[in-house]
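All remarks here apply to the structure that follows.
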Amino acid sequence: MIWRSFSNYQFIRIKNPEVSRFLEEKLTQIDSLTLRRKLKIKHNLTLNTINSQITGKTALTIPVLNDILLEINSLNGEMIKWILSTSRVTSGVGGVSPSVKIPTELDSDLAYLIGALRDGNLSVRSDKGDYVVEIYQKNTAWLKEIILPICERLFDINLKLKMYNRAFGNYGRVRIWSKPILVFIRDVFEHPFTRNKAWNTPKVILQANTEIQKAYISGFFDTEGWLAKNFRSLAVVQSWHENDKCPPLDDIKMILQSMGIKSSVRNRSGKTNPNWKPRYLLSITNKNGIRNFILNIGSRHPDKAENLENFLRLCKP
């Protein structure tokens, strides 16, 4: 899916000397001049630009690479995985914007990050040409010790935690400026580019194995959940645009049910502000269910992990 998306963007590029050497070798086996002329017309580029991309003097635009792979009968899953796993991806006319790695496998860290982005923000600032992924949090230790290392490992980038002091309290922010990363999250995980509006559970999460689903729920819980102070309930909240259902929480309920954890989802809008969009609550209210959630899913958030540990310590089976 991500390759198809990238191939629609004229100025998403890769940097990979190995790919350039591979293309040069393959192009000696065909009428490469005719192909280069076709690429020149289709992509509105000069022959010098096409040649520079093929030889690796400049970053190679993925739409051009896509057409070359088609011509040499090499556009397949294994080839795409090799290219993405060994390349750095960038964007921009000159190919000089910061480059990143794009994950080719869905692991627990990536699933956790996608869950945590339930309280994050993906946006396109069309007036400035900015593509940004952001996560805010009052607990800066969680950002520094969990979110920053995950993002830096997955995308091979260096990030900084920025602090803010406001009248309502202090908080931290992790911000990633990257069109390739934003397109990756949007298209692989079906993010709508707006803050949690109609973001259904990604199909790749629903189709993933149990360990991946656990990590996703853990990230979701760490940004949108809590354990009650009296230990009587564990809950996850989500605002939604419909009055009769909340698919993201319904999906979590279904996954929990498959693990033997009973939960319920209900509309709590009337308990807050009737002028807000519907606000749904998934809750686990039995001690065995809470215990199983803690033991099977858990939390990476320092405050919430401590609360869950206190439950296990104080509420014996």
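Okay, residues lined up against (1) surrounded by fewer than 18 Cβ atoms within 10 Å (Cβ to Cβ); (2) at positive phi; (3) assigned to a loop (DSSP other than H, G, I, E, B):
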position: ARG13; (1), (2), (3): no, no, no
position: LYS26; (1), (2), (3): yes, no, no
position: LYS38; (1), (2), (3): yes, no, no
position: ILE50; (1), (2), (3): no, no, no
position: ASN66; (1), (2), (3): yes, no, no
position: TRP82; (1), (2), (3): yes, no, no
position: VAL89; (1), (2), (3): no, no, no
position: PRO98; (1), (2), (3): yes, no, yes
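On inspection, ARG313 does not qualify as in contact (Cβ under 8 Å) with a residue 24 or more places away in the chain and among the basic types (Lys, Arg). Of the candidates PHE193, PHE231, the single residue that is in a loop (DSSP other than H, G, I, E, B) and at pLDDT below 90 is PHE193. Filter segment 100-115 down to residues that are more than 25 Å from PRO248 (Cα to Cα) and in a loop (DSSP other than H, G, I, E, B) and give me whichever is nearest to the chain's Cα centre (by Cα). By that ranking, first place goes to ILE102. Which members of segment 171-182 meet the condition of being in contact with a helix residue (DSSP H, G or I) (Cβ under 8 Å, 6 or more places away or on another chain) and either in a helix (DSSP H, G or I) or over 30 Å from LEU84 (Cβ atoms) (or both)? Across segment 171-182, the qualifying residues are TYR171, GLY172, PRO180, ILE181.
Just for segment 181-223: of the residues that are aliphatic (A, V, I, L, M) and over 15 Å from LEU117 (Cα atoms), which one is surrounded by the most Cβ atoms within 10 Å (Cβ to Cβ)?
First, pick out the residues of segment 181-223 that are aliphatic (A, V, I, L, M): 181-183, 185, 188, 198, 204-206, 208, 212, 215, 217.
Add one more test, that the residue is over 15 Å from LEU117 (Cα atoms), and what stays is 204, 206, 208, 212.
Working: VAL204: 17, LEU206: 13, ALA208: 17, ILE212: 19.
Taking the candidates together, the pick is ILE212.
The set of residues in segment 39-63 being of a type outside the set (S, T, N, Q), within 23 Å of ARG4 (Cβ to Cβ) and touching a residue at least 24 places away in the same chain (Cβ under 8 Å) consists of LEU39, LYS42, HIS43, ILE54, ALA59, LEU60, ILE62, PRO63.
The values are calculated or read from the model by the stated rules, or taken from the named source; none is laboratory data. Keep in mind that what you see is a predicted model, and the values were worked out from it rather than measured. With ideal geometry, Cβ positions are generated from the backbone for all residues, glycine too; neighbour counts draw on all protein chains shown.
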